[in-house]
């Protein structure tokens with residue numbers, strides 16, 4: 001192919017991967033504003049309604065690592081297309097669900113499809129685009145779509161629910177997913193697969209890590225119902241940690257072809273980036289959640305108005321993701337990532353000053369845009385750092401890890417911040433107005449979120465900035481001595 005044909009082919013691949021990533025991230029948040037309508041139609045209980053959200057996030061978090069490894073062993077194109085078709089079929093089943101059990105099962109299947117698609121898109125991009133400016137630009141667009149998907153979910157969910165029906169928040173995925181899957185078969189080059197590795201697939205490791213993540217996330221999510229100190233919560237979390245410890249034993253000592261070769265964590269950049277993305281997920285996921293509640297429960301916005309309020313944040317993420325892709329090539333991922341996490345922490349700190357009689361312009365707009373800019377500045381460099389120096393045959397593993405750490409960080413952070421907010425609100429109920437009690441709880445949650453952002457910035461500074469500088473200096477000294 002001529003250079004222009006190659007560039008056009010890469011652009012098509014980038015467009016497909018960005019659209020798929022946008023769709024699977026969108027479905028994490030799109031159902032939030034539709035929950036009251038879903039409860040009325042399908043008869044969910046007050047406690048059972050949470051599983052419309054949790055079934056997706058649990059399956060998504062639990063199977064991400066397996067999805068990333070499958071892309072390496074089975075083939076990136078095949079996994080990408082298969083995941084999209086599963087996601088589309090599950091969306092169809094969810095949109096046609098006649099009872100609560102069918103909808104929860106469909107959402108879990110959606111999460112599994114998303115867990116297969118998300119790391120496959122990143123693996124395809126890291127093997128299609130050359131490391132450096134070309135890959136940074138591609139990952140900048142991919143990161144912008146992921147961030148925009150999370151921010152757009154509230155708006156699109158509100159519009160579809162209020163103008164059509166809550167079922168369309170799921171049904172809309174069907175034609176898009178099928179078209180992208182068919183295009184993927186035609187556009188994405190069939191990659192080589194390691195037949196020997198596929199024959200010795202680490203099934204015990206895959207099942208153990210998936211079960212451990214699902215059980216651990218389930219235990220944390222259930223703290224909203226049973227509390228952190230209950231025996232049920234403690235036993236569930238302990239079981240999840242035990243399964244993850246067993247997984248580490250299998251990978252380090254027992255597996256002949258481990259799902260996650262522990263040597264990948266010897267790369268300080270990869271390890272540091274995954275710790276940072278954990279903190280970023282803990283802060284960012286909770287920010288969307290609590291802002292939506294504040295806008296609707298305190299300021300009295302309807303679903304569409306609340307969705308429109310997120311538009312400035314969406315724009316900030318898209319713009320800063322593009323800027324970050326350019327800055328990363330000049331300054332390195334560590335410096336850009338440190339700046340991004342610092343902005344996220346400052347934005348969350350600003351949101352902790354919201355008031356019960358406040359307004360969107362005075363209390364929300366400024367700090368929310370600062371926090372969104374921090375997310376945009378973080379998506380690209382953390383992805384680059386998490387996949388830097390990783391061999392092509394382990395690109396899916398690295399992408400699965402970074403997505404897993406972000407999703408698990410989001411689940412843990414949201415559960416922790418929700419507990420902090422609920423405890424504070426319950427303590428104030430009866431002494432102040434309901435709006436004031438809710439707002440005080442949200443303030444506490446935003447403060448804890450700011451702490452997560454600050455910890456992520458500190459890790460980025462010490463591991464990715466100073467660590468890379470020290471390694472570069474040592475290499476220069478060695479070269480001089482030689």
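Of 215, 260, 209, 276, all but one fail to be free of Cβ contacts under 8 Å to residues at least 40 places away in the same chain and crowded, with 20+ Cβ neighbours inside 10 Å; the exception is 215. Residue check: residue 183 meets all listed conditions (1) at pLDDT 75 or above; (2) farther than 19 Å from residue 114 by Cβ; (3) part of a helix (DSSP H, G or I) but one, namely (2).
Among the residues making up the range 169-180, a single one is under 23 Å from the mean Cα position of the chain (by Cα) and more than 15 Å from residue 110 (Cα to Cα): 180. Screening the range 2-35 for residues that are without any contact (Cβ under 8 Å) to a residue 60 or more places away in the chain and within 18 Å of residue 138 (Cβ to Cβ) and picking the one that is surrounded by the most Cβ atoms within 10 Å (Cβ to Cβ) gives 15. Looking across the range 340-362, the residues that are buried (at least 22 other Cβ atoms within 10 Å of the Cβ) and assigned to a helix (DSSP H, G or I) come down to 340, 341, 343, 344, 345, 347, 348, 351.
Screening residue 26 on (1) in a helix (DSSP H, G or I); (2) out of contact with any helix residue (DSSP H, G or I) (no Cβ under 6 Å at 6 or more places or on another chain) shows it passes everything except condition (2). Return the pair list, or none, for Cβ contacts closer than 7 Å from residues in the range 158-182 that are within 12 Å of residue 16 (Cα to Cα) to residues that are crowded, with 23+ Cβ neighbours inside 10 Å and at pLDDT below 85, at least 6 apart or on different chains. Within 7 Å, the pairs are 176/23; 177/23; 180/20. Evaluating residue 220 against the criteria (1) surrounded by fewer than 16 Cβ atoms within 10 Å (Cβ to Cβ); (2) modelled with pLDDT under 80; (3) touching a helix residue (DSSP H, G or I) at 6+ places or on another chain (Cβ under 8 Å) leaves one unmet condition, (1).
Return yes when residue 97 is over 19 Å from residue 404 (Cβ atoms) and modelled with pLDDT of 90 or more and no when it is not. For residue 97, the condition - over 19 Å from residue 404 (Cβ atoms) and modelled with pLDDT of 90 or more - is not met.
Within the range 89-104, the set of residues being in a helix (DSSP H, G or I) and under 13 Å from residue 170 (Cβ atoms) comprises 89, 90, 91, 92, 93, 94, 95, 102, 103, 104.
Are any of the residues in the range 192-205 modelled with pLDDT under 80, crowded, with 19+ Cβ neighbours inside 10 Å, touching a helix residue (DSSP H, G or I) at 6+ places or on another chain (Cβ under 8 Å) and in a helix (DSSP H, G or I)? Yes - at least one qualifying residue is present in the range 192-205. The selection criterion, being surrounded by fewer than 24 Cβ atoms within 10 Å (Cβ to Cβ) and at pLDDT below 90, does not hold for residue 400.
Screening the range 119-148 for residues that are part of a helix (DSSP H, G or I) and at pLDDT below 70 and picking the one that is nearest to residue 280 (Cα to Cα) gives 147.
Taken over the range 430-446, the criterion of being in a helix (DSSP H, G or I) and either within 25 Å of residue 346 (Cβ to Cβ) or out of contact with any strand residue (DSSP E or B) (no Cβ under 9 Å at 6 or more places or on another chain) (or both) is satisfied by 434, 435, 436, 438, 439, 440, 441, 442, 443, 444, 445, 446. Please find, among 243, 171, the residue that is touching a helix residue (DSSP H, G or I) at 6+ places or on another chain (Cβ under 6 Å), modelled with pLDDT of 75 or more and either assigned by TED's automatic domain parsing to the domain that holds residue 113 or over 28 Å from residue 410 (Cβ atoms) (or both). Exactly one residue qualifies, and that residue is 171. Across the range 287-326, the number of residues qualifying as surrounded by fewer than 22 Cβ atoms within 10 Å (Cβ to Cβ), in contact (Cβ under 8 Å) with a residue 60 or more places away in the chain and not in a helix (DSSP H, G or I) comes to 2.
For the range 363-392, taking the residues that are in contact with a helix residue (DSSP H, G or I) (Cβ under 6 Å, 6 or more places away or on another chain) and modelled with pLDDT under 75, the one that is farthest from residue 327 (Cα to Cα) is identified as 392.
The values are calculated or read from the model by the stated rules, or taken from the named source; none is laboratory data. Predicted model only: the values in this text are computed from it and were never measured. Glycine also receives a Cβ, built like all others from the backbone with ideal geometry; neighbour counts cover every protein chain displayed.
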